Amino acid sequence: MWYWNAPKLVFGDGAVDYLEQIKGTKAFIVTDEVMEKLGFVEIVSKKLSKSKIEVKVFNEVEPDPSVQTVKKGGEICSEYKPDIIIGLGGGSAMDSAKAIDFIYEQPDMKLEDLSPFVSFKLHQKCKLIQIPTTSGTGAEVTWAVVLTDVKERRKLLLASREIIADVAIIDPIFPAKMPPSLTASTGIDALTHAIEGYVSIWRNIYSDAMCIKATQLVFENLEKAVKNGSDMVARENMHNAATIAGLGFGNSQAGIAHSMGHSVGAVFHKPHGFCVGVALPYIMEYEILAADEPKKMFAELGRQALAIEEKDDLKASKILVKKVRELLKATGAPLSYREMEISSEDFEKNFDLVVANADMDSCTSTTRPMPSKEDFQKLFKAAFDGKALTL
Amino acid sequence: MVKFGSEEWGKQFCQKLNESEAYNKAAETWEGDFVFVMEFEDGTKEVRLYVDLWHGKCRGTAIVGSDKEAEFIMSGSYSNWVKVAKKELDPIQGLMTGKFKLEGDMAKIMRATKAAVELVNCVTEVENVEF
């Protein structure tokens, strides 16, 4: 027994016009200052005004949003009493919107109580609409919330199926002007979701379909979108790929590239997509070496998504790893943590913390084989130095 | 043969936990006790197994009454517990689909999912079990 969770999707050119059709009285937009400067808050507000919906904006979401920030947003939202909450931005804004929704709907509960094991009866006071402005996070369709515990320098992973958006608006107008580096890092995040979602122990026939399609779309479109930002076909395909990958891994689970990426991101404050993307080929090599099942799955994914014709599973899975590294390189993404301007001294100083946080990450427990702390030490050393694990 | 969920089964489970290097390491900072409640389908009775877990070790188990308090209480039908013991049901998936209920500090348990997996691995390692 398992569930498939997904919001209503409104996608394609002009999808944001959907806001002119919705019913409500007060909308609370959770976003950041960059979205205001880019004019995206104005676009959304104007659409809402056509529906005669009053708007209040909370623009204080920072990259790697903290628990303190979302609690502040939750207080302001609770005073405002909206019947619509809109997350507008990348994963940080959309995850913050989920957390703020929870605080507003459940004022007597602690944010840390948000758990997939408890029923909360959310979405009683308001609807949640997510509008991604980058193409990678998948947060518009997932039911996880990633916040940063500033004090303990680690990511706090919260989750509940009930926190998933009612509607996700996937309009290519928003990512159209992303700079190449942001296009690359978010696109690599989508690829990592697709590949890890395909080999998760919670994979299922529905998530498989999403992960295969997303992998194919990323390989066909990411390099084009990075090198020619005005290629709107590639942009739109990547925007859809990110959401499709979100549906894939969101209904199975991410894996240890995310455990490693969460840990590095929380300690060194680097772009999430590159943090997980650097780890991706190394964790694939680790899993291929450690057990037969992942090897078969990587080989199958390569055959289905990229038409790899090799029949031998080990050879086919190695080809997929090689193609991942080639895509990282072609998009200008780093191939090691050292390339992300993390010094050897800083990395060594924080090594034990980074390993311990990855080991405790909930994405670790849904990976098979489940790595030990010693395995994580080897993986981090390899990923820092950029030395492939021998296959 | 040892009856699943019995006092003797609890002792053997405890021994498996203490022998497991993987559990010892994964739960080295864990402090908290559990009561595992196995509910029989006819609703007439239940088994409540108390497990005292501390820093990667099991300090003891006992069959207890409903008045015994613990930091975490995990409840499910006897048949679903049997599925977990036979590796037919992932207990975390079981919790997420309502087949098990968990009471306790959710934030604490979410930080210890690796230890939970190793704990369940030890459930499946108890040998010669009669279900």
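The values are calculated or read from the model by the stated rules, or taken from the named source; none is laboratory data. Bear in mind that the values here come from a model prediction, so they are computed numbers and not experimental data. Every residue, glycine as well, gets a Cβ built from its backbone with ideal geometry; the counts of neighbours run over all protein chains shown.
Would you check if there is a residue in region A:54-68 being aliphatic (A, V, I, L, M), touching a residue at least 60 places away in the same chain (Cβ under 8 Å) and within 25 Å of A:Arg235 (Cα to Cα)? If you could, list the steps in order and put the result at the bottom.
Residues of region A:54-68 aliphatic (A, V, I, L, M): A:55, A:57, A:61, A:67.
In the following step, the residues that additionally are touching a residue at least 60 places away in the same chain (Cβ under 8 Å) were identified as A:67.
Those left that are additionally within 25 Å of A:Arg235 (Cα to Cα): none.
No, the conditions are met nowhere in region A:54-68.
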Inset, instruction - Collect the residues in region B:94-128 that are over 23 Å from B:His55 (Cα atoms) and under 15 Å from the mean Cα position of the chain (by Cα), keeping them in residue-number order. - result: B:Gly94, B:Leu95, B:Lys99, B:Phe100, B:Lys101
Legend entry - Count of region A:106-140 residues which are buried (at least 22 other Cβ atoms within 10 Å of the Cβ) and within 15 Å of A:Lys71 (Cβ to Cβ): 1
Inset, instruction - Within region A:133-147, identify whether any single residue is over 27 Å from A:Ala358 (Cα atoms) and not assigned by TED's automatic domain parsing to the domain that holds A:Asn237, and answer yes or no. - result: yes
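If the requirement is being part of a helix (DSSP H, G or I) and within 27 Å of A:Lys224 (Cβ to Cβ), which of these qualifies: A:Leu335, A:Leu328, A:Leu353? I'd like the intermediate steps shown before the answer.
Values: A:Leu335 fails: part of a helix (DSSP H, G or I); A:Leu353 fails: within 27 Å of A:Lys224 (Cβ to Cβ).
Every option except A:Leu328 fails the conditions.
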Legend entry - Residue that is farthest from A:Glu152 (Cα to Cα) [pool: residues in region B:95-131 that are at the interface with another protein chain (Cβ under 8 Å from one of its Cβ atoms) and in contact with an Asp or Glu (Cβ under 6 Å, 6 or more places away or on another chain)]: B:Met106
Inset, instruction - Would you point out the residue of region A:115-143, among those that are more than 14 Å from chain B (Cβ to nearest Cβ), of a type in the set (A, V, I, L, M, F, W, C) and not in a strand (DSSP E or B), that is nearest to A:Val226 (Cα to Cα)? - result: A:Ala139
Inset, instruction - Look at A:Asp292 and say whether it is surrounded by fewer than 17 Cβ atoms within 10 Å (Cβ to Cβ), more than 19 Å from A:Ser200 (Cβ to Cβ) and outside the structural domain of A:Leu147 (by TED's automatic domain parsing). - result: no
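Has region A:86-100 got at least one residue that is more than 14 Å from every other protein chain (Cβ to nearest Cβ) and surrounded by fewer than 24 Cβ atoms within 10 Å (Cβ to Cβ)? Walk me through it before giving the result.
First, the residues of region A:86-100 that are more than 14 Å from every other protein chain (Cβ to nearest Cβ): A:86-98, A:100.
Now narrow it down to the ones that are surrounded by fewer than 24 Cβ atoms within 10 Å (Cβ to Cβ): none.
So far as region A:86-100 goes, no, none of its residues is more than 14 Å from every other protein chain (Cβ to nearest Cβ) and surrounded by fewer than 24 Cβ atoms within 10 Å (Cβ to Cβ).
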Legend entry - Failed item, numbered, when A:Ile164 is tested on (1) more than 22 Å from A:Leu335 (Cα to Cα); (2) buried (at least 24 other Cβ atoms within 10 Å of the Cβ); (3) outside the structural domain of A:Val354 (by TED's automatic domain parsing): (2)
Inset, instruction - Kindly indicate whether B:Ile92 is under 28 Å from A:Gln253 (Cβ atoms), within 14 Å of another protein chain (Cβ to nearest Cβ) and at pLDDT 95 or above. - result: no
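Please pick out the residue among A:Glu112, A:Glu196 that is at negative phi, assigned to a helix (DSSP H, G or I), in contact (Cβ under 8 Å) with a residue 40 or more places away in the chain and within 11 Å of chain B (Cβ to nearest Cβ).
Values: A:Glu196 fails: within 11 Å of chain B (Cβ to nearest Cβ).
Only one candidate passes the filter, namely A:Glu112.
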